[in-house]
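The structure under discussion appears below in the form of structure tokens.
Each value in this text was obtained by applying a stated rule to the coordinates, not by laboratory testing. Just so it is clear, the structure is predicted and the values come from calculations on it, not from any experiment. No Cβ is skipped: glycine too gets one built from the backbone with ideal geometry, and neighbour counts run over all protein chains shown.
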Amino acid sequence: MAWFKRSKQNIHPNSEKSDLPDGLWEKCPSCSEILHKKQLENNFWSCVKCEHHFRIGSQEYIKLLLDENSFTEINKKIRSGDPLLFIDSKKYSQRIDETIKKTQLNDAIKTGVGKINGIEVAFGCMDFSFIGGSMGSVVGEKISRLIDKSLKHKIPLIIISASGGARMMEGALSLMQLAKTSVKLTLLAEEKIPYISILTDPTTGGTTASFAMLGDINIGEPKALIGFAGPRVIKQTIGKNLPEGFQTSEFVLEHGFLDKVVARKEMKNFISTFINLVS
Amino acid sequence: MAKTILDFEKPIIELEEKLSEMKKLSDNLNIDNEIKIIEEKVQHLKENIYKNLTRWQRVQLARHPERPYTLDYIYLMTQDFIELHGDRNFKDDKAVVGGFAKIDEYKVMIIGQQKGRDTKSNLHRNFGMMNPEGYRKALRLMKLAEKFNKPVITLLDTPGAYPGLEAEERGQAEAIARNLFEMAKLKVPIIVVIIGEGASGGALGIGLGDRILMLENSWYSVISPESCSSILWRSWEFKEQAAEALKLTAEDLIKLKIIDRIVQEPFGGAHKDHNAMALILKNVIKEELSLLIKTKPEKLIQNRVKKFSELGVYEE
């Protein structure tokens with residue numbers, strides 16, 4: 001007689017999803033609203049009902065933040081070696097090959113120069129879809145060269161982070177990328193070139209503990225997970241549930257480690273206004 | 001304190017026990033020949049084991065509870081140590097100790113992560129896991145060293161930065177990032193020594209310097225073998241494989257240019273002879289200092305920036 005008790009969930013919009021053409025509809029993970037891709041894109045990839053910010057990649061950020069056709073990618077071809085010949089369930093080299101094929105990206109960051117409301121900037125944007133946006137030698141080197149670009153042309157640096165932290169498969173070499181990116185940022189500071197760090201969902205581990213926290217201003221997207229240790233690890237350590245809103249942008253802002261939480265649709269104008277104020 | 005015996009050392013201990021029993025009996029029996037044979041066997045076995053340590057066995061040695069810790073080195077290597085406390089903002093983090101001291105003719109600032117030897121002291125030291133105020137305390141001491149033009153020596157020995165709720169509230173990530181940024185441009189020499197466990201950002205947070213030294217049986221990587229195993233193999237059981245895969249020993253890291261020099265330990269590990277270990281390290285540090293203090297600050301920083309900018313392996 002179970003069908004008499006059928007609850008709302010069973011005929012929730014979600015169950016219709018499979019009947020719709022593939023990939024046209026998305027369900028908001030926050031309020032469950034069903035949204036058409038076009039609708040989402042027009043609303044800066046955030047939910048029209050609750051403003052939840054969907055995770056997006058570098059390609060989308062370039063479209064949203066940079067002036068049309070202003071972006072020129074640099075160092076596109078750098079890709080990961082397998083310095084440790086790392087093997088877990090599969091070879092790291094194989095994992096890299098497969099991820100490149102799947103994501104059409106060469107590693108977890110895209111770098112280049114572009115314009116924001118007419119202002120030339122050095123622009124880096126991470127891709128969480130590439131092995132959790134993890135930072136290994138390639139991410140470190142691309143950021144390092146992006147900083148060189150910023151230094152050479154005396155243009156502001158903007159980096160959008162979305163990363164689980166340092167990449168395990170390159171061991172201590174990944175750890176050294178924390179040092180490398182931080183060391184290079186001292187050169188930029190010396191030249192008084194602005195650096196805006198934008199932290200998106202999620203930014204944790206070694207990425208937060210290096211360049212992402214070192215902006216002249218640190219900006220978070222609404223409700224993004226930002227922290228050092230992951231929530232699961234902390235929960236394990238303290239043996240208690242974590243408070244509501246722990247490690248969100250708003251929480252990090254409240255504790256003094258972000259300057260502002262800026263909605264995606266405001267981001268472009270916010271960046272150009274800030275750069276104008278300090279130039 | 002009861003002696004800790006690691007699993008791979010058991011065959012040696014068993015033979016040694018047998019040997020000492022035989023020695024007791026040798027007054028009445030004529031077994032000198034047998035004793036000699038066993039003695040040779042012990043020696044052979046020791047060499048065989050200690051000269052062919054796996055990576056996981058080195059991790060075990062690095063965590064040996066009788067291994068010398070930061071304060072042991074400070075007491076054995078330095079004179080006139082004055083410990084300084086607090087980050088001037090929040091509190092004094094007991095997981096890190098530091099202060100001015102003399103290493104013979106050299107006046108230095110020495111800072112290191114400190115573990116405890118028993119439950120009580122481990123709770124006091126938080127197992128050597130620093131909170132944000134610990135990184136800020138270390139930075140404060142480094143700035144003090146810079147002010148008085150004294151070189152900095154940091155000793156790394158931590159299972160990681162503390163992953164706690166309050167650590168997040170007080171900005172663990174920012175504290176580590178800030179240290180990396182500030183250490184990059186500190187105007188005095190920095191010598192870093194990994195003396196035990198060099199676990200990830202928690203260790204690196206006081207580990208950026210001009211010369212990176214590493215004790216023979218210490219480890220340094222982006223994650224501990226256990227955590228790596230739990231994430232990539234989804235079980236804690238693959239720590240040996242994870243240790244192999246991570247290439248976390250001094251021998252591995254010198255090949256990748258992540259460290260500059262390996263410091264030999266007494267035969268069988270640093271815990272076998274604290275005095276000998278401290279003397280070896282003291283002489284190495286003095287040698288490194290004698291070279292570094294000749295370098296002008298601008299050159300020092302320039303070299304440091306170059307050193308870390310070049311780290312990484314990639315294809316193009």
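Counting Lys and Arg as +1 and Asp and Glu as -1, what is the net charge of the other residues whose Cβ lies under 12 Å from the Cβ of A:Met135? Display every interim value, and only then the final one.
Details: positive: A:Lys142, A:Arg167, A:Lys180; negative: A:Asp107, A:Asp127, A:Glu141, A:Glu170.
With Lys, Arg at +1 and Asp, Glu at -1, the net is -1.
Less than 9 Å Cβ to Cβ from B:Val108, Lys/Arg counted +1 and Asp/Glu -1: what total charge do the surrounding residues give? Kindly include the intermediate steps, with their values, before the conclusion.
Values: positive: B:Lys102, B:Lys107, B:Lys150; negative: none.
The answer is +3.
With both partners inside the protein assembly as shown, how many of the DSSP beta bridges are antiparallel, as a percent to the nearest 5?
Working: 30 of 68 bridges.
If we restrict to bridges inside the protein assembly as shown, about 45 percent are antiparallel.
With an 8 Å Cα cut-off and a minimum separation of 6 or more residues, compute the relative contact order for chain B in percent. Show your work: numbers first, answer last.
Values: 550 pairs, mean separation 49.0, N = 316.
After rounding, I find 15 percent.
Say the dipole of segment B:9-52 comes from +1 at the beta carbon of Lys and Arg and -1 at that of Asp and Glu; which of B:Ser26, B:Asn52, B:Ile37 then lies farthest toward its positive end?
B:Asn52
Normalised by the residues of segment A:129-194, what does the relative contact order come to in percent, with Cα pairs under 8 Å and at least six apart? Provide the component values of the computation, followed by the final result.
Details: 63 pairs, mean separation 31.8, N = 66.
RCO, segment A:129-194: 48 percent.
Taking the Cβ-Cβ separation of B:Ile49 and A:Ser30 as r and a Förster radius of 56 Å, what is the calculated FRET efficiency to the nearest 0.05?
On the way: r = 57 Å, r/R0 = 1.02.
Here the calculated transfer efficiency is 0.50.
Among DSSP beta bridges whose residues both lie in segment B:72-189, state the antiparallel percentage, nearest 5. The partial results should precede the final answer.
Numbers: 11 of 15 bridges.
If I count the DSSP bridges inside segment B:72-189, around 75 percent turn out antiparallel.
Quote the charge dipole size of the protein assembly as shown about the Cα centre in Debye, to the nearest 20; the model charges only the Cβ of Lys and Arg (+1) and of Asp and Glu (-1). Numbers along the way, then the final one.
Working: 85 positive and 79 negative charges, 229 e Å.
I would put it at about 1100 debye.
Using only the Cα atoms of chain A, what are the Rg and Dmax in Å?
20.0, 74
So for the protein assembly as shown, what percent of the C-alpha to C-alpha distances run longer than 44 Å? If you can, show how the numbers build up before the last one.
On the way: 42790 of 176715 pairs.
When all Cα pairs of the protein assembly as shown are counted, 24 percent exceed 44 Å.
Using a Förster radius of 56 Å, what is the FRET efficiency between B:Phe81 and A:Glu266 based on their Cβ-Cβ separation? Nearest 0.05, please.
Details: r = 54 Å, r/R0 = 0.96.
Once the sixth-power term is evaluated, E becomes 0.55.
Would you kindly state how much longer the chain becomes between B:Ser26 and B:Asn122 on full extension, computed as 0.36 nm times their sequence separation minus their alpha carbon distance, in nm to one decimal? Don't skip to the end; give the middle numbers.
Numbers: separation 96, 0.36 × 96 = 34.56 nm, distance 4.45 nm.
Going from the current span to full extension adds 30.1 nm.
How much mean residue ellipticity at 222 nm does the protein assembly as shown get from its helices, if each DSSP H run of length 4 or more adds -39500 (n - 2.57) and you divide by all residues, to the nearest 500 deg cm²/dmol? Before the final figure, lay out the partial values.
Working: 24 runs with 251 residues, N = 595.
Helix-only estimate at 222 nm: -12500 deg cm²/dmol.
Say the dipole of the protein assembly as shown comes from +1 at the beta carbon of Lys and Arg and -1 at that of Asp and Glu; which of A:Ile96, B:Phe81, B:Ala175 then lies farthest toward its positive end?
It is B:Ala175, whose Cα lies furthest towards the positive end.
With a cap of 12 neighbouring Cβ atoms within 10 Å, and only residues DSSP puts in a loop, list the GluC sites (Glu not before Pro) found in segment A:145-230.
A:Glu191
Are any of the pairs A:Lys38/A:Lys154; A:Lys63/A:Lys184; B:Lys137/B:Lys255; A:Lys240/B:Lys91; A:Lys240/B:Lys143; A:Lys184/B:Lys239 more than 26 Å apart by Cα-Cα distance, and if so, which? Write out the running numbers ahead of the final one.
Details: A:Lys38/A:Lys154 37 Å; A:Lys63/A:Lys184 28 Å; B:Lys137/B:Lys255 33 Å; A:Lys240/B:Lys91 24 Å; A:Lys240/B:Lys143 38 Å; A:Lys184/B:Lys239 34 Å.
Checking Cα-Cα distances, A:Lys38/A:Lys154; A:Lys63/A:Lys184; B:Lys137/B:Lys255; A:Lys240/B:Lys143; A:Lys184/B:Lys239 exceed 26 Å.
Using DSSP to define loop residues, name the trypsin sites (Lys or Arg not before Pro) in segment B:60-156 whose beta-carbon has at most 11 other beta-carbon atoms within 10 Å. Numbers along the way, then the final one.
Details: sites: B:Arg63, B:Arg88, B:Lys91, B:Lys94, B:Lys102, B:Lys107, B:Lys115, B:Arg117, B:Lys120, B:Arg125, B:Arg136, B:Lys137, B:Arg140, B:Lys143, B:Lys147; in loops: B:Arg63, B:Arg88, B:Lys91, B:Lys94, B:Lys115, B:Arg117.
For trypsin sites (Lys or Arg not before Pro) across segment B:60-156 that sit outside H, G, I, E and B with at most 11 neighbouring Cβ atoms in 10 Å, the list reads B:Arg88.
Under a plain spin-label model, where a point goes 7 Å from the Cα along Cα-to-Cβ, how far apart in nm are B:Asn283 and A:Glu73?
5.5
Classify segment A:98-195 as rounded, prolate or oblate, taking a ≥ b ≥ c as the square roots of the eigenvalues of its Cα gyration tensor: rounded when a/c is under 1.5, otherwise prolate if a/b is larger than b/c and oblate if not. List each step's numbers first, then the result.
Values: a/c = 2.65, a/b = 1.43, b/c = 1.86.
Verdict is oblate for segment A:98-195.
Please give me, ordered by residue number, the trypsin sites (Lys or Arg not before Pro) of segment A:116-163 that lie in loop per DSSP and have at most 15 other Cβ atoms within 10 Å. Walk me through the numbers before you get to the answer.
Numbers: sites: A:Lys142, A:Arg145, A:Lys149, A:Lys152, A:Lys154; in loops: A:Lys154.
Passing sites in segment A:116-163 are A:Lys154.
Relative contact order for chain A: what is it in percent, counting Cα pairs under 8 Å that are at least 6 residues apart? Working shown, then result.
Numbers: 486 pairs, mean separation 37.1, N = 279.
The normalised contact order for chain A reaches 13 percent.
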